[in-house]
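A short write-up of the structure that comes next.
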Amino acid sequence: MNARSADDGWQLRAYLAARRLAQPLMRAVLARRLRQGKEDPARLPEKLGRPTAPRPAGRLVWLHAVGLGEVLALRPLIAALQAEDPALSVLITSTARSSAQVLGSNLPAGAVHQFLPLDGPDFLRRFLDHWRPDLSIWSEQDLWPGAICDTAARGVPLAYVNARIGARAAAKRARLGGLYRDVLGRFSLIAAQDAGSAGHLRALGAESVRVMRSLKPAAAPLGVDPAELSRFQTALSGRKIWVAASTHAEDEAVVIAAARALSAQDPSWLLILAPRLPARAEAILDALTAAGLSSTRRSTGGMPEATTQVYLADSFGELGLWYRLARIACIGGSFGPVGGHNPLGSRLSGPAGALGPRHA
């Protein structure tokens, strides 16, 4: 260890000490989120390291990603691992609640999903004692220093794949350069999605960073209920369908105006509007009413009628269905500060073509 890394080590030591002291606060924040409806009561124990599923026998690989899109992107890697060892079991963890509500029909065979525990030592100890992973694989941008250090301390090999980090995120992490240098040094393999991410990771202290293609283009299409697909295809026969997926308020202002213009030109057009957060459905309905557009809501069990101009898909886990019905897709996040969600989501889910702000 050189003098610089020895000096920087205090940042990691401070973090690891603080996380122990912060565990009561973590519990309090989790309880508040539960009261606000942001946590699943049935699976709350997982956030505290208490498993809700048994550990499969034999070797187990643990993969972590923050949310649904990142988890689904790992499916080609999981398939490759299981092709090498058909008896291999897979544990997938994520942090976003929405991911658990969608993953059921899209989990590979032999895979189990759990929420990643909060980054407290007691929570991680319970988690690691139960699951005893033989390999830990982290992806994209969701790195938790305590969990990574606790896993490495048990002698579990660590890999960081599909790594992605932009200039702004790298600049923020550079303020804690010693912390990230020590954390990244725990990984035996780091594979970045692109040269820019690789450069940022090297600047943060990562060594031997490889540049590999993103895993998302290799992922299989999202699952779909064949009966529901057939039901909607029959009900929407003769309609021209387009979908706006994972939308935010800024996207909706644009697509609602477009839906109004299309309907005026040709009443056969139908917009399927699938917001990023279905809980925003009431606000979206108000916007549709203000625009003079007739709508039907998925969560109430309604089906689009001949006069329906917008079908509000306020549900989780059905993008595979909506993309298969549509001929055009507008990807959310494109018209506001988000910067656009990954357009590969439309490619992975069905035949629709993807539109961003340049085309819409």
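The values are calculated or read from the model by the stated rules, or taken from the named source; none is laboratory data. Keep in mind that this is a model prediction, so the values were computed, not measured. Counting neighbours? That spans all protein chains shown, and the Cβs are built from the backbone with ideal geometry, glycine included.
Counting only helices (runs of 4 or more DSSP H) wholly contained in segment 240-343, the ones carrying 1 or more residues that are of a type in the set (K, R) and under 24 Å from E70 (Cα atoms) occupy 319-325.
Scanning segment 137-148 turns up one or more residues that are part of a loop (DSSP other than H, G, I, E, B) and buried (at least 21 other Cβ atoms within 10 Å of the Cβ). With respect to (1) of a type outside the set (S, T, N, Q); (2) under 26 Å from T307 (Cβ atoms); (3) at pLDDT 95 or above, the lone exception for A245 is condition (3).
Residues are listed down the side, and each one gets a yes or a no for (1) modelled with pLDDT of 90 or more; (2) part of a helix (DSSP H, G or I); (3) buried (at least 20 other Cβ atoms within 10 Å of the Cβ):
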residue	(1), (2), (3)
V183	yes, yes, yes
G196	yes, yes, no
L201	yes, yes, yes
G223	no, no, no
S230	yes, yes, no
S237	yes, no, no
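When P217 is tested against (1) farther than 22 Å from P76 by Cα; (2) at pLDDT below 95; (3) in a helix (DSSP H, G or I), just one condition goes unmet, and that condition is (1). Right, V254: more than 23 Å from L222 (Cβ to Cβ), hydrophobic (A, V, I, L, M, F, W, C) and touching a residue at least 12 places away in the same chain (Cβ under 8 Å) or not? In short, yes. Screening Y311 on (1) of a type outside the set (G, A, S); (2) at pLDDT 95 or above; (3) surrounded by fewer than 16 Cβ atoms within 10 Å (Cβ to Cβ) shows it passes everything except condition (3). Among all residues of segment 275-285, there is none that is more than 30 Å from K38 (Cα to Cα) and touching a strand residue (DSSP E or B) at 6+ places or on another chain (Cβ under 9 Å). For L158, the test of being over 19 Å from the mean Cα position of the chain (by Cα), modelled with pLDDT of 90 or more, within 24 Å of G185 (Cβ to Cβ) and not polar (S, T, N, Q) is passed.
Among all positions in segment 72-84, there is at least one residue which is of a type outside the set (G, A, S) and either closer than 25 Å to R173 by Cβ or modelled with pLDDT of 95 or more (or both).
Considering each residue of segment 212-233 in turn, at least one proves to be assigned by TED's automatic domain parsing to the domain that holds I331 and polar (S, T, N, Q). Mind listing whichever residues of segment 52-94 are in contact with a Phe, Trp or Tyr (Cβ under 7 Å, 6 or more places away or on another chain) and not charged (D, E, K, R)? Across segment 52-94, the qualifying residues are L60, W62, H64, L91, T93, S94. In this structure, G9 does not satisfy being more than 26 Å from C149 (Cβ to Cβ), in a helix (DSSP H, G or I) and in the same structural domain as Q141 (by TED's automatic domain parsing). E250 - would you say it is under 27 Å from the mean Cα position of the chain (by Cα), among the charged types (D, E, K, R), farther than 29 Å from G155 by Cβ and surrounded by 13 or more Cβ atoms within 10 Å (Cβ to Cβ)? So E250 fits the description; yes.
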